[in-house]
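Since the structure comes first, as structure tokens, the remarks are kept for the end.
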Amino acid sequence: MRGNVMDLAVGVIIGAAFGKIVSSLVDNILMPLIGVITGGVDFSGLTAQVGDAKINYGLFIQNTIDFIIIAFCVFLLVKAIAKMSKKKEEEPAAAPEPSNEEKLLGEIRDLLRNK
């Protein structure tokens, strides 16, 4: 049980750090490139005013892109781990040695087949 708890704790810590890296990638590299492609639009500044409420839908778009990138990376990681564990399972198990009774029955079968 302790091993599983430690694995989970390490996964949460690494996941949080990974999330920060991906957020930085999206904020500092991808979103400016997307802004250039779309004609200089800064997604983080996109807002809409509804009455007295200010809706920051640009931040929502940016967070959605963050999520898609993180989900894709986790998908690739899980797929790679599954592929590695599958290779370990595919190793063929050695056939068990037949018992004396099975050997004797095999000899009887062979003798009857030859007659």
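The number of residues in region 47-72 that are of a type in the set (A, V, I, L, M, F, W, C) and in contact with a strand residue (DSSP E or B) (Cβ under 9 Å, 6 or more places away or on another chain) comes to 2.
Go through region 2-53 and report how many residues are outside any helix (DSSP H, G or I) and surrounded by 10 or more Cβ atoms within 10 Å (Cβ to Cβ). Adding up the residues that qualify gives 6. For region 30-58, a residue qualifies if it is among the hydrophobic types (A, V, I, L, M, F, W, C) and at pLDDT below 85, and the qualifying residues are LEU30, MET31, LEU33, ILE34, VAL36, ILE37, VAL41, PHE43, LEU46. Among the residues of region 19-29, those that are under 16 Å from PHE72 (Cβ atoms) and at pLDDT below 80 comprise GLY19, VAL22, SER23, VAL26.
Residues checked against (1) open to solvent by less than 100 Å² (accessible area, probe 1.4 Å); (2) in contact (Cβ under 8 Å) with a residue 12 or more places away in the chain:
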| residue | (1), (2) |
| --- | --- |
| ILE55 | yes, no |
| GLN62 | yes, yes |
| PHE75 | no, no |
| ALA82 | yes, no |
| LYS86 | no, no |
| PRO96 | no, no |
| LYS103 | yes, no |
| LYS115 | no, no |
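The values are calculated or read from the model by the stated rules, or taken from the named source; none is laboratory data. Computed from a predicted model, the values in this text were never measured in an experiment. Reconstructed Cβ throughout: ideal geometry from the backbone, glycine too, with neighbour counts over all protein chains shown. The accessibility values were calculated without ligands, DNA or RNA, using every heavy atom of the protein model including side chains. Shrake-Rupley method; radii C 1.70, N 1.55, O 1.52, S 1.80 Å.
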